[in-house]
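As structure tokens, the structure follows; a few thoughts come after it.
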């Protein structure tokens, strides 16, 4: 069995696409309706010994059989407090640091029929090291086999030791939160003309829960944007236009017995908080935080005072409020609100651009005392975080928005759950359309998100601690997705100073434009809908299932919790040093090389608050490599050009093999900052460093994984830096990235880096570049920014061409060729209807091997190239056929061509859509970009990927995976056995 790991997780999952028709929105299904892994196959946390100490080397190896063709294989891995190198069938898959994110890979194309093997080479860190892994395979016939880590795994120290099973709420649930292309971003509009809330009988929720519609907003009660319960359990609701309503629940919580207006002046109060015998309100359109008090004990707020004005725009504005365990009132703002600079203690680094006087539009977290007399800026670099709340550990979280304009691009940042730490800069900067985003790439001095969620429209966040729900939900955070009508349950697992997180869809409805939530005194979840003048309603969600006791803690959970308690304490101690302090340097310096990114960044921010003269020389002479790269990054951020040569010299002297991946990323960002203006650096030092970067690029493995949100793997960030400086020899590795790119994001990333390179090209490289760019322009599904970005790439690339290249590439570089005509199949006479056994026999009788050059021509003549790629060229609608010989026998390859519908890889399967008027349309769903469109896009012609049919999502009644491959079955019938041999020679060379 293959074992999942608590902190870094590798799953292999193969899921069959087929079966019955699905209603629209059925991606949100009940947990008991999902074809899930057998609970007995749930992986265990394992290690090589019972006692774990830092520096232990443990190698795990597990052979497994794949008995037939696979439809999809997905691998998940969790690795707690261990560096881990992962290989599958002797091919590197990833290199993980001690705090690498939970990983998931589609490894369908890496499996072979017969014996396979997964191996993990691990070295333990300071925490309770363990790994957990699952490999689930779904065959083409629908059967499923699951491999999971356990005591039957062998290690170099003997049999693996089990430290307890992975908790079920962390098992394969994040996939349930992904937005499907069938989801309608425009579902909220259906509430615009409604006269009542949506019938909760149409909602889909987790088993054991019931939903009641308590009350719909009356015609004169406006649309509702936030809520809070007062000490008497009454519900205060903020109207979108202005004013506050107060509602009294009946004793049984089923209805509202009284409604009254308690304020009719404050405009759009997005945040409400009862604390200190007052109601605090973030009035967005009134541009300030207010305190409302009842000074004459008549149960009415007779005194309304402005505690602080917050200038700026109102779109991404003044949002939620929460009371912290420190007694402070926390307020979250979007990037439309101006960063406060006067009369505020700023815990963020003084080396940030915003601290140096540069205008910076970014969301941020501030806090104040009960009277609004003391103000502090806690964290920044957010886009539009709407909600905040604290978990049981006293950590504050938000659910931050994506930038939908960038969907489909390499720099698209999905919605993300974020643990807001002192001094954290989460990297977002508002940008002007038409420019490359300033937050691309993210880098190692950004604070890391807890988990990327995906597409959505975040509103409120609330801890489940006060709920009457089962124990694992009481430990979760509930987050609202307004656009797609969802409540997400975010399950947190302590991980050093931070958390690992798994996200599931807890409840979904259409329309269900959720704006806020809270828990009633008896633990029921209360939710309101509204916004954009839509019909509002109040719902109550109750747990009515069987009573559930908290599961006993496993050994790994117990040790992880104890270790995390110590880590959080250390991070909080460092946070108290986020201000100038003559005593703090030594304390923070000791933690600059800490493997936990949250602790390391907290220490760096503390150092950056100190006078540069106190630590400059220590940074240049520090003997520990991990400590030094962080210190040198701080020195590079300081911006003192007199230090640049010395920083480069120190960076060049650090041995790469001594650094973690996070350390390498810190080193690369320090190089980037210093080399950004070569006029500030001695040319000899600059050239020496650039030569070192190219030598590094030649040896850095591709299969590396970066900490979540840090802008890519070490290899990718290294490529980007080399590309930015047009280093000699950079084109070949960038072309390798383009050829290997499996996704729209990967291909565009390579094209973006390549388009600026003036030298080092062969004519074949240029042809492949413009072919790949044209393919992307025809097939990309994306946000509104994509066409302009692709045009920029094309314009930059054309500007680099010589006159001779312009002539040779004229047919590829002209914009008029972007809408290519459907490729024409070369007319060939029918040879015979080939059966598999007959074809194998005919090939065995040939006396000469196939001709790969002639086979390449046939690959295009019979239109294989319309859907399939080889070595980075041609179509993208079908599987990449590079390296076929390493994975499949000749007979397997022929079988997939002769009978393509026998095995269809899930990600290439077509779908049948049935509309409300009875029409049936089949095609491949165009994915990867902006799902805000109210139309589903289907590529209906595999020979012409640019031919797309749009179907209004509101008109889709049912959809189901197709059992028929888009690949024609008679593909080889115009070929002789010699032709087929030539085609195979090309595909397997």
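Here residue 336 meets the list (1) surrounded by 24 or more Cβ atoms within 10 Å (Cβ to Cβ); (2) within 18 Å of residue 387 (Cβ to Cβ) almost entirely, failing just condition (1).
Quick check, is residue 545 touching a strand residue (DSSP E or B) at 6+ places or on another chain (Cβ under 9 Å) and over 30 Å from residue 52 (Cα atoms)? The answer is yes for residue 545. Residue 843 falls short on exactly one of the conditions (1) surrounded by fewer than 17 Cβ atoms within 10 Å (Cβ to Cβ); (2) part of a helix (DSSP H, G or I), and that condition is (1). Identification of strands (runs of 3 or more DSSP E) wholly contained in segment 223-283 with 3 or more residues that are free of Cβ contacts under 8 Å to residues at least 40 places away in the same chain yields 244-249, 256-263. Here residue 402 meets each of (1) under 30 Å from residue 626 (Cα atoms); (2) surrounded by fewer than 24 Cβ atoms within 10 Å (Cβ to Cβ); (3) in contact (Cβ under 8 Å) with a residue 24 or more places away in the chain with one exception, condition (1). Residue check: is residue 526 surrounded by 24 or more Cβ atoms within 10 Å (Cβ to Cβ) and at pLDDT 95 or above? Judged against the criteria, residue 526 is not a match. Going by what's in this entry, would residue 238 be described as under 24 Å from residue 222 (Cα atoms) and either out of contact with any strand residue (DSSP E or B) (no Cβ under 8 Å at 6 or more places or on another chain) or exposed (fewer than 12 other Cβ atoms within 10 Å of the Cβ) (or both)? No, not satisfied. In segment 1-117, counting only strands (runs of 3 or more DSSP E) that sit wholly within it, the ones holding 3 or more residues that are at pLDDT below 50 span 9-12. Checking each residue in segment 809-840 for being part of a helix (DSSP H, G or I) and modelled with pLDDT under 65 picks out 815, 816, 817.
Being surrounded by fewer than 21 Cβ atoms within 10 Å (Cβ to Cβ) and at pLDDT 95 or above is the filter; apply it to segment 175-201 and report the residue that is nearest to residue 451 (Cα to Cα). Here the residue is 200. For segment 207-230, the criterion of being surrounded by fewer than 16 Cβ atoms within 10 Å (Cβ to Cβ), within 26 Å of residue 295 (Cβ to Cβ) and either touching a helix residue (DSSP H, G or I) at 6+ places or on another chain (Cβ under 6 Å) or modelled with pLDDT of 95 or more (or both) is met by at least one residue. In the set 472, 443, 491, only one residue is touching a residue at least 12 places away in the same chain (Cβ under 8 Å), in contact with a helix residue (DSSP H, G or I) (Cβ under 9 Å, 6 or more places away or on another chain) and within 17 Å of residue 712 (Cα to Cα); that residue is 443.
Results for (1) at pLDDT 95 or above; (2) closer than 30 Å to residue 306 by Cα; (3) within 17 Å of the chain's Cα centre (by Cα), shown as yes or no for each residue.
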position: 373; (1), (2), (3): yes, yes, no
position: 383; (1), (2), (3): yes, yes, yes
position: 401; (1), (2), (3): yes, yes, yes
position: 443; (1), (2), (3): no, no, yes
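Scanning segment 126-145 for residues that are in a loop (DSSP other than H, G, I, E, B) and touching a strand residue (DSSP E or B) at 6+ places or on another chain (Cβ under 6 Å), we see that the one that is surrounded by the most Cβ atoms within 10 Å (Cβ to Cβ) is 129. Taking residue 197, is it over 21 Å from residue 509 (Cβ atoms) and either touching a helix residue (DSSP H, G or I) at 6+ places or on another chain (Cβ under 8 Å) or not in a strand (DSSP E or B) (or both)? Answer is no for this residue.
Of the residues 483, 460, 479, the single one that is in contact (Cβ under 8 Å) with a residue 12 or more places away in the chain and assigned to a loop (DSSP other than H, G, I, E, B) is 483.
The values are calculated or read from the model by the stated rules, or taken from the named source; none is laboratory data. This is a predicted model, so every value here is computed, not measured. Note that we place each Cβ from the backbone using ideal geometry, even for glycine, and neighbour counts take in every protein chain shown.
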